[in-house]
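What follows is a single structure, written as structure tokens, with notes after it.
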Amino acid sequence: MTTDNVLISVKDLKKKFDGMENHALNGVSIDIHHGEVVFVVGPSGSGKSTFLRCLNLLEEPTGGTILFEGVDITDPKTDINIHRRKMGMVFQQFNLFPHMNIMKNLTIAPMKLLGKSKDEAEKTAMELLERVGLANRADAYPNQLSGGQKQRIAIVRALCMKPDVMLFDEPTSALDPEMVGEVLNVMRELAEENMTMVVVTHEMAFAKEVASRVIFMDNGSIVEENSPEEFFSNPKSERLKSFLSKVI
Amino acid sequence: MTEWFSEFADRFYRNFIKEDRWQYITDGLLVTIQITVFAVILGVVIGFLVAIIRSTHDKTGKLKIANVICRLYLTVIRGTPVVVQLLIIYYGIFASVTIDKMIVAVIAFGINSGAYVAEIVRSGIMSIDKGQFEAGRSLGFNYAQTMIYIIIPQAFKNVLPALGNELIVLLKETSVSGYIAMEDLTKGGDIIRSRTYDAMMPLLAVAAIYLTVVIILEFLVGKLERRLRNSDH
């Protein structure tokens, strides 16, 4: 791939939490290209979630740089709020806004931040709701939805901003097993439409199926990265071998 | 029985009808309500401002100096009696200027109530899950927008019962306005007592009116609470 195809370029990213002895991220470098679906896996505490949350500066890195669409977003002079509009994020705990109905959840950001009219924002929201099969729940409140429905809505909420990349932080970890499939289906569709995605997950089978590249993190560093076929069938490092033997 | 009734009627006449003494009660109630309403508005404005400064400091570490000022305000106001504050503001701070006593009372009770409102609202803000804040920021809302659209509406709903309670406390606290010679409801009853040398009847009337107003307030707050709760249901 050519370098002008790079969407996110991470260089020597470091993160150390106050009061912690070790770095949560210990110099992570990676280029994420347009249309790529990058899965990040690893044991808990490996720094994979911290890495993802650094990409839109929900965690402030303590070192290194992140270029997003050519702009250094770790530069304090950069207005991160502008760039976050282009980076959708989906959380483990959904984090829908409980005091707003679904339609309001989906339209508030496009209306307040992108200056969309109510009609415009609702039209976009409705189209996306139909695609995830939840058009009939537009007037419901988050508390009235199941976990799987909430997460599908959370994905739609991020998509309503027409992002250039979607960040998924363990999107199925808080779900009952029978609801995992409906969320993965939505993500699969996104991947097929060439949405750039960075996914932190424990769903190895799903990673194998959907990923264009899989990254293994341990102790705050990228230990190994490869195409999904190679990654799962032919792991090189001992740590990945031992990890895969435990989770598969 | 008739004897008791005629004596009661006589006392009632002396305390409330003669020389239109009931007006001490009604005029006093108006003063009490005016002080309470304006003080509540001032208190809520101060309270939200202080709460936002304090929780912004707690969350981001910014606004250090403003936070110190807020903490000083909270400590002093919550650590001294409201009567003393009222007297200091009236006889001390506004000693050399002619100023409507109503304004003095509103300022004193507003500043006092603001301290309590601030801590109530702050606890509400801090009770909102961190994920709500992150969801707002991840969409591109800045700190202030996230507060306004996402955090404060939820926090407000959570602390509404406590704010309603603070309103009731404030209403009753204004009964010390007589210290700066304001003729509020309590003072009105007391004036009647001094004219008729009958303590029970005017003061029981005053107590009954406070109670009625409080019950009405409780009803209204409860109604608002139910409405907000239904909306997120």
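The values are calculated or read from the model by the stated rules, or taken from the named source; none is laboratory data. Only a predicted model underlies this, so the values are computations on that prediction, with no experimental measurement involved. Reconstructed Cβ throughout: ideal geometry from the backbone, glycine too, with neighbour counts over all protein chains shown. Side chains included, ligands, DNA and RNA excluded: accessible areas come from the protein's heavy atoms. Shrake-Rupley method; radii C 1.70, N 1.55, O 1.52, S 1.80 Å.
Observations
- Reported count of residues in the stretch A:203-228, each being open to solvent by 10 Å² or more (accessible area, probe 1.4 Å) and either part of a strand (DSSP E or B) or under 22 Å from A:LEU25 (Cα atoms) (or both), is 9.
- Hits in the stretch B:133-143 (condition: more than 15 Å from A:LEU114 (Cα to Cα) and either in contact with a strand residue (DSSP E or B) (Cβ under 6 Å, 6 or more places away or on another chain) or at the interface with another protein chain (Cβ under 7 Å from one of its Cβ atoms) (or both)): B:GLU134, B:ALA135
- Of the candidates B:ARG137, B:ARG195, the single residue that is in contact (Cβ under 8 Å) with a residue 60 or more places away in the chain and in a helix (DSSP H, G or I) is B:ARG195.
- Subset of the stretch A:131-181 [of a type in the set (A, V, I, L, M, F, W, C) and part of a loop (DSSP other than H, G, I, E, B)]: A:VAL132, A:LEU134, A:ALA138, A:ALA140, A:LEU145, A:CYS160, A:MET161, A:ALA174, A:LEU175
- Taken over the stretch B:108-143, residues that are open to solvent by less than 30 Å² (accessible area, probe 1.4 Å), over 18 Å from the mean Cα position of the chain (by Cα) and under 30 Å from B:LYS172 (Cα atoms) amount to 2.
- Within the stretch B:165-182, considering residues that are out of contact with any Phe, Trp or Tyr (no Cβ under 7 Å at 6 or more places or on another chain) and in contact (Cβ under 8 Å) with a residue 60 or more places away in the chain, the one surrounded by the fewest Cβ atoms within 10 Å (Cβ to Cβ): B:ALA181
- If you go through the stretch A:17-44 and pick out every residue that is of a type in the set (D, E, K, R) and either touching a Lys or Arg at 6+ places or on another chain (Cβ under 9 Å) or modelled with pLDDT of 95 or more (or both), you end up with 2.
- Among the residues of the stretch A:85-107, at least one is basic (Lys, Arg) and within 9 Å of chain B (Cβ to nearest Cβ).
- Residue under evaluation A:LEU57, criteria (1) open to solvent by 30 Å² or more (accessible area, probe 1.4 Å); (2) over 12 Å from the mean Cα position of the chain (by Cα); (3) modelled with pLDDT of 95 or more, criterion not met: (1)
- Complete set of residues in the stretch A:18-49 that are open to solvent by 60 Å² or more (accessible area, probe 1.4 Å) and more than 23 Å from A:SER227 (Cβ to Cβ): A:ASP18, A:GLY19, A:MET20, A:GLU21, A:ASN22, A:HIS23, A:ASN26, A:SER44, A:GLY45
- B:ALA105 hydrophobic (A, V, I, L, M, F, W, C), within 14 Å of chain A (Cβ to nearest Cβ) and open to solvent by less than 10 Å² (accessible area, probe 1.4 Å): no
- Inter-residue pairs, beta-carbon under 6 Å, first facing chain A (nearest Cβ under 10 Å) and in the stretch B:144-161, second polar (S, T, N, Q) and open to solvent by less than 20 Å² (accessible area, probe 1.4 Å), 6+ apart: B:ILE150/B:GLN132
- One residue stands out among those in the stretch B:56-104 that are aromatic (Phe, Trp, Tyr) and assigned to a helix (DSSP H, G or I): the one that is nearest to B:LYS172 (Cα to Cα), which is B:TYR90.
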